Amino acid sequence: MKLVNRYFLLLTLWLGVAAAARAQVCPSPNQPACTFDAVDNVSGQVVTSFCVGKPVRFVLACGRNILPTELYYGVRPGVSTVFPGCKPSTSPNAATFVYTPTRADVGPVTVSELATADPTAPGGSTYYIRNYQVYDNVAPAFTVAPCPSSNALITITDLTYDFYSVQFGTNPPVNLAPGQRRAVVPVPGGATSVTVTGHYTAPNICESLPATQNIAPLPPPQTPLFTTLTLLAPLPGGTATLAIGQLPTGYLYTLQRTDASVPGGFATVASLPANASSFTLTGAVAGGYRVRRTDPCHLDSAFSPLRYPLSLRGTSTQNSNQLLFDDGGSPGTTYTVTRDGNNLPGFTPIAGGGGLEDATGECGTSYRYVVTATYPDGGKSVSNEVTILTASTLPPARPLLLASFNVRNVVELTPLLASPPLGKGSTLFYRRTAGANAPADYGTATTLRPQRDSSALTELRKAPPCYSVRVVDVCGNASAESPSTCPALLAARPTDAAGTTTALTWSAFTGPDPTAPATYVLQRLGPDFSVLPNPVPVSGGSYTDLGPPTDEQVLRYRLQISGAGLPASAVSYSNVATVMRPLFLTIPTAFTPNGDGLNDVLEVKGKYLKDYTFVIVDRNGQEVFRGSQRADVWDGRIQGHAPVLGTYVWRFRQDNADGTPFTASGSVTILK
């Protein structure tokens, strides 16, 4: 019994050592060519590669005959990779083992076979491996774009498969060439969808899941609009904004620029998004720009008109600002200019082309210019803005000067410029000559408002004045001095004590042109200095007014002078000369208020009477009558009582027209 137990123990130890030896058997570097095969679990077809989601099983090859219960299979990723301890499985399962690759297995895999009862193998076991490739079957990614003439552009956007087939609707599929990823394919009539399937060229049964997309209808084509190109900074390199339109979805749009070095003469500058209404172009350079429309298949194209960037620069000389540019525009292009945001109508083309000229600027003034080119088709190109400081060494035009009195007998000096207004920053320098004195500076002004000489009229009569003016612009350029001008000085005096006629004399007016004759018109003025009817043309240096107004105590005269080189709309006035006529008063010494119709009332008579005070008092000093106008008469009654015979005292007071008081007094007797 002990011997049996000892034998059993030795047998057990030997089997354990043999089993351990078999467990450690690993594949030899020199594997036999014929070991086992992979079989598609559905069709039973032997395969040499695997496909995601398609189950396979493994069978013996080359006449090998091993019980399924003695076979172990397993799959690991990689090339010639074995299981730890060379044990692909823990129990015999060759009859039931099915391997279904997943997407995580895509790539090389190693299949291991362990046979534990192979009588031909050393130690009674063999370990064989075979390498396979797992392929993906993901649905291919692609885009479809409709094209004219019932075509479509198919673009495969993945790199999974070796070649692809394209099927429109239920029509037969069409295979693309291996490696072909883009194709223009005719669309059979009525087809509204396309299905793409990916295929491998390796001998296996794997292909992709189908991917299907609808084919959108192609919108009607439109010619692209390119309405305005606005340059924000000068060329080269300036940024420009483009106003564009008519870019419906379904087409490809590019911005092109003329370039003789490329085929076709146009280089592509940028892609434009569909439905865009504007685009910002950086780094613009000279040349014509256009918008190109084409379909995805490049079967048809249309182009907008050309637009040329208008790069503006500027210079200034002799009060002329030159706007220089070369836009390469087409014949018939017209140009408009804005200066400081306002339309400028006065520009002229520069002789020989290449720009425009603004000759209306003022020296020392900065102006902001923008030029707009309008093409015959209505499109526009707007330049960058440029600022020009107007410069010149040209003197301003020689001014004229008008010297004239106002109704307050103050001389007013009004400059007359050839092209008003006075330039910004310019200064007027006045000079005055009084009598035989040398000319002297008489003040400055920076506006065209009249300059006044506040000298009294009596002083001006003693030394009749003459005046001149010159203009100095902001750049320091001085005009020639204006011709000297001298206002006329008028004098008037009565020829008799009552002032029924007036003698007038005046000094000659000197205008801007001393050789040109002056025309004089004598005006009579009312108390408010309005001109009375019937002015009188006069000449020489004197005139006698034989018919002055009879109802005015003060006679007022003025000369209106034209000609002598003055502009047609300008006149000069002399001072206002006045004659004060004496107030005349007549009061009867007696009257007879007896009702006989003769001398029944006392009334005030005279000339130039108005707004006076006439008072009568009795011998006791009591006021018995008061009147203020000629209609106020006294019939002798005192507070309604009959006249009382006797002598009464009267007093009269009135202000003359010049404001001085006039008074008189006397007595009147009431008789029967």
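Quick note: the coordinates plus some simple rules give every number you see, no bench work behind them. Just so we're clear, the structure is a prediction, and the values are computed from it rather than from any experiment. Positions of Cβ are generated from backbone atoms using ideal geometry, with glycine treated the same way; all protein chains shown enter the neighbour counts.
Between the alpha-carbon centres of the range 385-411 and the range 565-608 there is a gap of 48 Å.
Within a Cβ distance under 12 Å of residue 355, other residues only, what is the Lys/Arg minus Asp/Glu net charge? Computed value for this residue: -3.
Within the range 478-587, which chymotrypsin sites (Phe, Trp or Tyr not before Pro) sit in a loop by DSSP and count at most 13 neighbouring Cβ atoms inside 10 Å?
529
Rg ratio for the range 313-389: its Cα radius of gyration over 2.2 N^0.38 Å, N being its residue count, equals 1.06.
Remark on the range 400-472: Rg and Dmax equal 12.6, 38 Å (Cα only). Once the gyration tensor of the Cα atoms in the range 492-572 is diagonalised, the equivalent ellipsoid follows with semi-axes of 26, 14, 9 Å, ordered largest first.
Rounded, prolate or oblate for the range 584-670? Axes are the square roots of the Cα gyration tensor eigenvalues, ordered a ≥ b ≥ c, and the cut-off for rounded is a/c under 1.5. All intermediate terms of the calculation are to be shown ahead of the outcome.
On the way: a/c = 2.20, a/b = 1.67, b/c = 1.32.
Prolate, because a/c is 1.5 or more and a/b exceeds b/c.
The value obtained for the range 301-450, namely the Cα convex hull volume divided by the number of residues, is 147 Å³ per residue.
Along each principal axis, taking the top coordinate minus the bottom one, the Cα set of the chain gives 205, 73, 61 Å in descending order. With q set to 0.14, 0.15, 0.27, 0.30 Å⁻¹, the log10 of I(q)/I(0) for the range 122-171, from the Debye formula over equal scatterers at the Cα positions, is -0.57, -0.62, -1.17, -1.25. Straight-distance candidates among the lysines for linking to residue 87, with alpha-carbon spacing under 27 Å and chain neighbours fewer than 8 residues away dropped: 54.
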